[in-house]
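Every read-out reported here was derived from the displayed coordinates using simple, explicitly stated rules and does not represent laboratory data. If you're wondering where the values come from, they're calculated on a predicted model, not measured in any experiment. Virtual Cβ from ideal backbone geometry, glycine too; neighbours counted across all protein chains shown.
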Amino acid sequence: MKVAVVGGGIAGLSAARRLLDRGADVELFEAEGRAGGKIGSHAEAGFLAENGPHSLLGSAELLRELAVGSGLEAEIVPAQKPATRFVHLRGATRRAPSFGIFSLGGATRAVLEPFFARRLEGDPTLEELLVAHLGREAGTVAARLMAGGSYAGDPGRLSGRHAFEALGSIVERHRSLLVGVLSTVRAARRRARAAPRRTSWSLARGLGSLPEALAASLGPRLRLGARVTSLARAGGGFELGWAGGRASFDAAVLALPPPLSAALVRELSPALASPLGEFELAPAAIVDLGVREDELRLPARGFGMLAGDDGLRLLGTLFSSSMFLGRAPAGHALLASFVGGARRPELVDLPDGELVDLCRRDLERAMGLSGTPVFARVFRHRVGIPQIAVGHAERLARIEAEIARWPTLALAGAGLRGVSAEAAAQSGLAAAERLLSL
Ligand SMILES: Cc1cc2nc3c(=O)[nH]c(=O)nc-3n(C[C@H](O)[C@H](O)[C@H](O)COP(=O)(O)OP(=O)(O)OC[C@H]3O[C@@H](n4cnc5c(N)ncnc54)[C@H](O)[C@@H]3O)c2cc1C
């Protein structure tokens, strides 16, 4: 079977690898000059910056398997302790959780949540769901932190039930969020005692080495700089067109952010293009600043800091050099700040100098940064993070109903079933399996 995979992010790479391992004749088309999509790393002046993900969860088993299979086992590095998180709220940066994050009234209302427990009905936004349970103050802040930290998203548009499936199922099962969270934490502790959980991890030369290794393993089957511009029916398969040519395949995997897949299938199947095109992408910029440690009043020790209100313009900052060794020269810290997202997309297009300045001033306020950074880098994701917004289940059902009519076409990529790198890789694997079962 001759299969075209369109999109060389981790979803497309994972699909191509599986297809190849099972004997299919694969060609992977990637628009840019390098594979990896949102995953990539950049070393400069003793700093190691990431374009997108900085760490993967211990539960990211498929990515671990792909890393091991690509000869990177010795490069897997666990995240360092402490994993402390900070929140910037009402002009102060505090450890989370800690007293003082909420007013007395707000905190009291939040702990009374079991009395406000309710059945999960319909498809509320993340903000509606959390405010209904925790009260206006704690609910608004919690929704802002969750939406910003995972999706660079808008809590007033993300689906409370589907963007955070664990949250949805806890409320579904327990009605009370607090009771459900406590019982989930207890069960997780019991499991961890039986079999210790794996910690978050990365790769010594950055997460970009995983797509690099996967791309290298594909050899000439990977076509870089090949943006696919058309997809037409050809017999039971498809004819693909790209700037450099045209070729026919028995089957195709579209491993692209949903609106980009929509653009390719618009002629072929308007019924598929329509729900795919409804996904919003939240653009984001990552601004890395390398600073002297002694110029930070709040030491950058831990996982990072999130903005809980509009007191900062950045969404949050990862303490990159605290999470993993070797990310900054001795005596320095690497801070990776996220800017833009669904609530402030226009910020992503600020000139580099203004973005650096915005982050420097916010970090002055939030962490007491003084002095001038010794290293700065801006990386933009204009094709941003897919948002699991209200109406997701209905959109997914329309996609599934239509794709069932196209046995030689498979969809992959972040957004359909989760937005983590692991979810994207899993979707690539599932797409490959669908075609292999033909
Ligand atoms: C800032 C940021 C931080 C993140 N942090 C984390 C994290 O901490 N943990 C985590 O698990 N996940 C994180 N993610 C999410 C994760 O990185 C993505 O979900 C995942 O990498 C998406 O992979 P993908 O293959 O679905 O899509 P992409 O990486 O978007 O790949 C799609 C590829 O298709 C190519 N392409 C587009 N159009 C065409 C065309 N017409 N023809 C050919 N090729 C085309 C693109 O150039 C791109 O390479 C983060 C994402 C971002 C943006």
Give the angle, between 0 and 90 degrees and rounded to the nearest 10, that separates the Cα long axis of helix 177-194 from the longest principal axis of the Cα atoms of the chain.
70
So how far, in whole Å, is the C-alpha centre of the stretch 10-56 from the one of the stretch 324-349?
21
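Can you give the extra length, in nm with one decimal, that the chain gains between residue 394 and residue 247 once fully stretched, where that is 0.36 nm per residue apart less the Cα-Cα distance? Working shown, then result.
Details: separation 147, 0.36 × 147 = 52.92 nm, distance 3.46 nm.
Extra length from residue 394 to residue 247 when fully extended: 49.5 nm.
Using Cβ counts within 10 Å as a stand-in for footprinting exposure, how do 269, 322 rank, fewest first? It would help to have the intermediate numbers written out before the result.
On the way: 269 18, 322 24.
Going from sparsest to densest Cβ surroundings: 269, 322.
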Helix axis angle, 392-403 relative to the chain longest principal axis, alpha carbon, degrees
10
Nearest 10, in degrees from 0 to 90: the angle of helix 165-174 to the longest Cα principal axis of the chain is 60
Using DSSP to call loops (not H, G, I, E or B), can you name the GluC sites (Glu not before Pro) in the stretch 39-140 whose Cβ has at most 11 other Cβ atoms within 10 angstrom?
121
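So for 320, 14, 248, fewest C-beta neighbours within 10 Å to most, what's the order? Write out the running numbers ahead of the final one.
Numbers: 320 27, 14 30, 248 13.
Fewest-to-most Cβ neighbours within 10 Å comes out as 248, 320, 14.
When ranked by the protection proxy of mean other Cβ atoms within 10 Å per residue, highest first, what sequence do the peptides 168-180, 297-309, 138-150 form? Could the numbers behind the result be given before it?
Numbers: 168-180: 17.9, 297-309: 19.8, 138-150: 22.1.
So the peptides 168-180, 297-309, 138-150, ranked by packing, come out 138-150, 297-309, 168-180.
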